[in-house]
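Written out below as structure tokens is the structure these notes cover.
The values are calculated or read from the model by the stated rules, or taken from the named source; none is laboratory data. Just so you know, these numbers come straight off a predicted model, no measurement behind them. Cβ: placed from backbone, ideal geometry, glycine included. Neighbour counts: every protein chain shown. Each accessible area value is taken on the protein alone, full model and side chains, heavy atoms only, with ligands, DNA and RNA left out. Shrake-Rupley method; radii C 1.70, N 1.55, O 1.52, S 1.80 Å.
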Amino acid sequence: MGRLSFSTTESVRLLLLAVFGVLALSVVLAEQEGENLSGLSNNPDKAIFAVRENGTTCLMVEFAVRFLVPYDVLALNGIDLITEQAVFTLPRGAEIEGKCGSTESEIHITWNNNAYTLRIYFSKELRDKDIEVWKISKVQFVYDTSETSHFINAYNPGKHTANTHRLSALVTPAGQSYVCAAQQTLTLISSDHQKGVTVTMYDVQIQPFDIASDFMFSEPYKCITDQRERLEETLPIILGFILALIIIITVTVYHFHLKLTATQPQLPRDRSMYKNM
């Protein structure tokens, strides 16, 4: 019985070690890393970031981002506070982290020695008629007003966090990338006395799920604003073409009318001439 008990204990221990080994291996295999691909863009304002899992791209963002952040400074009288605006853009040399999942993904973009961090959260959901879409469900921006390159003479400087609330932005059919040249503006509420922080994205292409090819966006889904602007650009051309076509048809019909009337015999207008015919 003693040998049996020892054998059973050893078996359980080996089984547990095997289970932990598999779990550890799965964690290693699911390793995710961020890559900065901004050097591939010819636009000096545009950044390109990717999150990769097991050596394959699982999330990509390509955009330019501008921040407008209000902060307090002490007035000249040394008593009152006045509000200034710090305006700056997302640098191309930022550091990237992220997580990919089947229904939730996120990307964290940090720069200037962790003085600034932009976090974007994505989620999938089913809409009407069981159509699957993805969207931006939350945006968070952490900033440090003691960083003096943008916040000059800030009163009571320190770190603050600004968040969106109940966000549903950039809704896109699953399996497609969101594309928009127009500005997309979000307002975040800051922990700094509930100030409104404005985050503006433009020249955007984003895909947080279902990337079929490494470092390649899937089929683009254009935003409504771009579709409207394209229609406004092409509508005058279409109307001009229709007008030209109407003119050509009118001239052609008139030409055939003249040709037909010219070949018909001309009857004399004086009725007395009919007797001589």
Name the residue that is nearest to I109 (Cα to Cα), counting only residues in the stretch 213-231 that are touching a strand residue (DSSP E or B) at 6+ places or on another chain (Cβ under 6 Å) and open to solvent by 30 Å² or more (accessible area, probe 1.4 Å). F215
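A quick yes/no check of all residues on (1) among the small types (G, A, S); (2) within 18 Å of I136 (Cα to Cα); (3) modelled with pLDDT under 95:
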{"residue": "V65", "(1), (2), (3)": "no, yes, no"}
{"residue": "L68", "(1), (2), (3)": "no, no, no"}
{"residue": "G78", "(1), (2), (3)": "yes, no, yes"}
{"residue": "G98", "(1), (2), (3)": "yes, yes, no"}
{"residue": "T110", "(1), (2), (3)": "no, no, no"}
{"residue": "I120", "(1), (2), (3)": "no, yes, no"}
Does the stretch 76-95 hold any residues that are closer than 24 Å to I206 by Cα and either open to solvent by less than 20 Å² (accessible area, probe 1.4 Å) or not β-branched (V, I, T) (or both), and which are they? F88, L90, P91, R92, G93, A94, E95
Looking at the structure I just gave you, is L40 at pLDDT below 95, more than 28 Å from the chain's Cα centre (by Cα) and over 22 Å from W134 (Cα atoms)? no
Which members of the stretch 58-82 meet the condition of being more than 25 Å from the chain's Cα centre (by Cα) and in contact (Cβ under 8 Å) with a residue 40 or more places away in the chain? Y71, D72, V73, L74, L81
Selection from the stretch 51-67 of residues that are crowded, with 22+ Cβ neighbours inside 10 Å and of a type in the set (A, V, I, L, M): V51, L59, M60, V61, V65
Can you pull out every residue in the stretch 200-223 that is over 23 Å from E53 (Cβ atoms) and acidic (D, E)? D203
Run Y221 past the list (1) in contact (Cβ under 8 Å) with a residue 40 or more places away in the chain; (2) not in a strand (DSSP E or B) and report the number of the one that doesn't hold. (2)
